[in-house]
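Just so it is clear, none of the values below were taken in a lab; they were calculated from the coordinates. From a predicted model like this one, the values you see are computed outputs, not experimental measurements. Neighbour counts are summed over all protein chains in view; Cβ atoms, including those assigned to glycine, are modelled from backbone coordinates with ideal geometry.
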Amino acid sequence: MINKNNENGLFRRENDRYNYNIFLPREIPKENLLYQTYNWLRYDWDNLYPQRLLTTLSCPIHNAICNTKRTYSIGEGLNYDTSNIALSTFFERNDINTLLDRSMYDMILFGGFSWFVKWSLDLTRIVSIEHVNFSKVRIKYPDINGNFDGFYVSGDWREYLLSQRYTPQFVPKFCEDIRDNQTCYLMAHSNYSPILNYYPVPDYHAIIKWLDLDLDIATFHANNVKNGFVNTAFLSMPEVGDEKQQKLFVERVNRMYAGANNGGRLMVAFGGTTADGEAILPKFTPISTTNNADIYANLQTEIKTQIISGHGLNSPTLAGLSGQGGLGGNASEIKASVEIFQNTIIKNYQNPVLLKLKEILQINGFDDNISIKQTMPIRYIFSEALMEKITTPNELRKEMGLEPVEGGDVIPSLQPVQQTLF
């Protein structure tokens, strides 16, 4: 059956969760999701797409890569004219580096970010910028022309669907021509995506199933450890009681056999006779799965490869993951990998955030010449002979953690030559 409430241009089957299989605890009743008209566009069929993205951070490789992208995105902070006292005060009041850090992290996780902004009393400038977790924002249902004038923000969309708590609050869309010092506006950016109308999807969207698979394998191994590596087994039983009693028997045996996390599985069959026509006796037959070790190992390798590729990493070492060649090359090669990574991936997170910030700076009459101080994990490694030619003795001593010495602030090769007259 097709969901007719197709607000986002997505055709989903009611029993289909977009095949992500990243289930959140406590299923939401279908009647809470379908057949209802809301004032906002649902973010995927159940309005919980961002919440499912957050669960993928339980995947260690994915989490490490996202944190690496976050580190490179914020770099060493914002680069601006610190001599401008008014601009420095504005940035300090709004904790600009924290704002940029969280906004770029939202860009990495969701493909978009959002801010609360507020006008001054005289309506001439913006005095407040506050980060809003993008997973809490939904777009107001557009008009017939596809335009919308605001958003709905809820502290917990899933809890709202379950119990009507955290009621979504309407926040007007930020527009420079509409100003009210008593109103908080929402400024948002979403990367374009043909998959969802109006809403973004992250750049790792294509590997979500691989992230899901990695989580499933981790859960499987954890349950096996908790249950003492008990394998799947088959239990044949004679005909015992009616269907209700048999079902109760299976539940009790599974609780005893599989444990709290159902790491081992038990298949039970009732009835049947032997070749002599006599009723069968209870028989327990373990089914070994130890031969699957190579399958799991190969699958883990493939998962790692797919996740790294899906994130666009040209070198696993960028995320602290080991490659086939140790560090993956010499210092120059690693530096080149970092520059490629920053230019092709990281700037895609930085530029939208900086553009929105520049828009606010222009409204406030500030110079919008700002940028991110890029960070470099390693420096070029120079030979000792070259270091002696381009650095002073005290600079070298500082690198080695030694105290400076008198006369050590001049490069030896540049010291004046004393001429001796005969």
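Give me the one-decimal nm value for the distance between modelled label points at residue 351 and residue 375, 7 Å along each residue's Cα-to-Cβ direction.
2.3 nm
Long-range amide H contacts for residue 79: which residues qualify at under 5 Å (H placed 1.01 Å from N, peptide plane, sequence gap of 5 or more or a different chain)?
The list, which skips near neighbours in sequence, is 371, 372, 373.
Taking 7 Å along the Cα-to-C-beta vector as the label spot, tell me the residue 118-residue 64 distance in nanometres, rounded to one decimal.
Result for the modelled spin labels: 4.3 nm.
Starting from the amide H of residue 151, placed 1.01 Å from N in the peptide plane, find each other amide H under 5 Å away whose residue is 5 or more places distant or on another chain.
Long-range HN contacts for residue 151: 140, 171, 173.
Once you place label points 7 Å from the Cα toward the Cβ at residue 358 and residue 192, how far apart are they in nm?
1.8 nm
Which net charge results for the neighbourhood of residue 155, defined as the other residues with beta-carbon distances under 12 angstrom from its beta-carbon, given Lys and Arg at +1 and Asp and Glu at -1?
Numbers: positive: 136, 158, 165; negative: 156, 159.
Summing Lys/Arg as +1 and Asp/Glu as -1 gives +1.
Fewest to most neighbouring Cβ within 10 Å: what's the order for 353, 137?
Ranked by crowding around the Cβ, least crowded first: 353, 137.
What list of ³J(HN,Hα) couplings, whole Hz, do you get for the range 74-90 from phi and the Karplus terms 6.51, -1.76, 1.60, once you set θ to phi - 60° and write x for glycine and proline?
7, x, 9, x, 7, 9, 8, 6, 6, 6, 7, 4, 5, 5, 4, 5, 4
Nearest 0.05, what FRET efficiency do residue 176 and residue 54 give at R0 = 35 Å with Cβ-Cβ as r?
The calculated FRET efficiency here is 0.60.
Compute the FRET efficiency between residue 84 and residue 218 as 1/(1 + (r/R0)^6), taking r as their Cβ-Cβ distance and R0 = 41 Å, and round to the nearest 0.05. Let's see the in-between values first.
Numbers: r = 50 Å, r/R0 = 1.22.
Working from the Cβ atoms, E equals 0.25.
Taking amide hydrogens as modeled 1.01 Å from N in the peptide plane, which residues meet the under 5 Å criterion relative to residue 268, leaving out close sequence neighbours?
235
If you look at just the Cα atoms of the range 114-188, how large are its Rg and its Dmax in Å?
Both quantities, over Cα of the range 114-188: 13.6, 43 Å.
Determine, for each peptide in 102-109, 239-246, 343-350, 182-189, the mean count of other beta carbons within 10 angstrom over its residues, then list the peptides with the highest first.
Result, highest mean first: 102-109, 343-350, 182-189, 239-246.
Along the range 366-374, what does the Karplus equation 6.51 cos²θ - 1.76 cosθ + 1.60 (θ = phi - 60°) give for ³J(HN,Hα), rounded to whole Hz, x for Gly and Pro?
Computed from phi, the couplings for the range 366-374 are 8, 5, 9, 7, 10, 7, 9, 6, 5 Hz.
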